[in-house]
């Protein structure tokens, strides 16, 4: 069967570097950092990492109370980012309720902050008398997707992938496939996460969190750098609106780019450690899906979180795929690792940079680790309007994902 073409017509972000796509991208291009010292982390016994990339300045009251009651912080982020995406796309409100517009938005977990509050209260006397009825809607695994659909009146398909760092990249890919196969006309897709000390603790326990830059937060994380020492956790939401290209063109929608390839694979070699071959296979499958060759790529936005093992594995896979012929950078040094939000946040930023003709360098990449050599690292911003970009996200649990975007500037 013939596949429908799928384009991106809107993007919304809530990030540690701003609450709009424009603000975030300008901060990225200025090489700013959203990482800061978090005094509250001192209160967690055994936690060595004291830094995080947090969203600041969000007023929950901008969301109507009838919707806000069932939202945790990450659901609020997803709702606000979704609103931005719809507004940018000029998407007609009446099309939301026709059953042909869907939502694919995931998170790593339900709200950990809400879970902590519930159990802290419950274990005082094992009583449920103080528990509010809306609590479950903040805790459930599909909380972000359900709250976005409910608050915006979206009646199509609703999915909520939960694959940690690969979540929103998978969400975009799954949404692309549903539209390509004609099952939906448009889908809001992406991811959201909220920071909690246990998030940082998860990485710290595995010796994968950054602990050596507590006194100088802006110097970490350091993707690909010889002095990198691990992940800095962040929070936020990235959401993009995908549409059937013919329908988007008919209504005169702005087109930010076209999704032309997607792959997601399971690495069964280890549930925790990255595998070079598995990453390489995922990227090759995405290129095959896009029907392009490695040499057609103009830019690669790497997952690259600043861990010792992960950065090396990804570089080895990229070197096998494209050698040093394609510029590569990561935005984790600016944004921290926003987990389930990272794929969509970083993809949205890359789309806007593609429009601007300027690609952001990897922040904090002062001295490339020799083990991360063999690719064309961006250590300074690059003036370029790429046609094809490849976006990677790789997650613990052996989940790999890659999306390929084509610029529509010359269509």
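Odds and ends about this structure:
- Relative counts (whole %) of C-alpha pair distances in segment 193-263, using bins that are 5 Å wide: 3, 12, 16, 14, 10, 9, 10, 10, 8, 6, 1
- Length released on extending from residue 251 to residue 325, taking residue separation times 0.36 nm less the Cα-Cα span: 22.8 nm
- Two-site FRET efficiency, residue 93 against residue 3, from Cβ-Cβ distance with R₀ of 25 Å, rounded to 0.05: 0.35
- Residue 384 versus residue 130: modelled label distance in nm, points set 7 Å from Cα along the beta carbon direction: 5.7
- Distance between the pseudo-spin-label points of residue 183 and residue 116 (7 Å out from Cα toward the beta carbon): 3.7 nm.
- Across the alpha-carbon set of segment 1-79, the Rg to Rh ratio works out to 1.12, Rh being the Kirkwood radius.
- Rel. contact order, % - alpha carbon contacts under 8 angstrom, at least six apart, segment 1-155: 27
- With contacts taken as Cα pairs under 8 Å and at least 6 residues apart, the chain reaches a relative contact order of 24 percent.
- Using alpha carbons only: equivalent-ellipsoid semi-axes of the chain, gyration tensor based, whole Å: 30, 28, 18
- Kirkwood analysis of segment 51-122, using all unique Cα-Cα pairs, places the hydrodynamic radius at 14.6 Å.
- Evaluated at q = 0.12, 0.16, 0.21 Å⁻¹: base-10 log I(q)/I(0), Debye formula over Cα of segment 320-380: -0.33, -0.58, -0.96
- Tail beyond 23 Å, pair distance distribution of segment 146-277 (Cα, percent): 50
- Beta bridges from DSSP with both residues in the chain: antiparallel share about 70 percent, rounded to the nearest 5.
- Each peptide in 115-126, 159-170, 298-309 gets a packing score, the mean of other Cβ atoms within 10 Å over its residues, and the list from highest to lowest is 159-170, 298-309, 115-126.
- For the pair residue 273 and residue 66, label points projected 7 Å from Cα toward Cβ lie 5.5 nm apart.
- Rounded, prolate or oblate (a/c below 1.5 giving rounded, otherwise prolate when a/b exceeds b/c) for segment 1-139 by Cα gyration tensor: oblate
Only the coordinates and a few stated rules stand behind these numbers; no lab work does. All values reported here derive from a predicted model rather than from experimental measurement. Quick reminder, even Gly has a Cβ in these numbers, built from the backbone with ideal geometry, and neighbours come from all protein chains shown.
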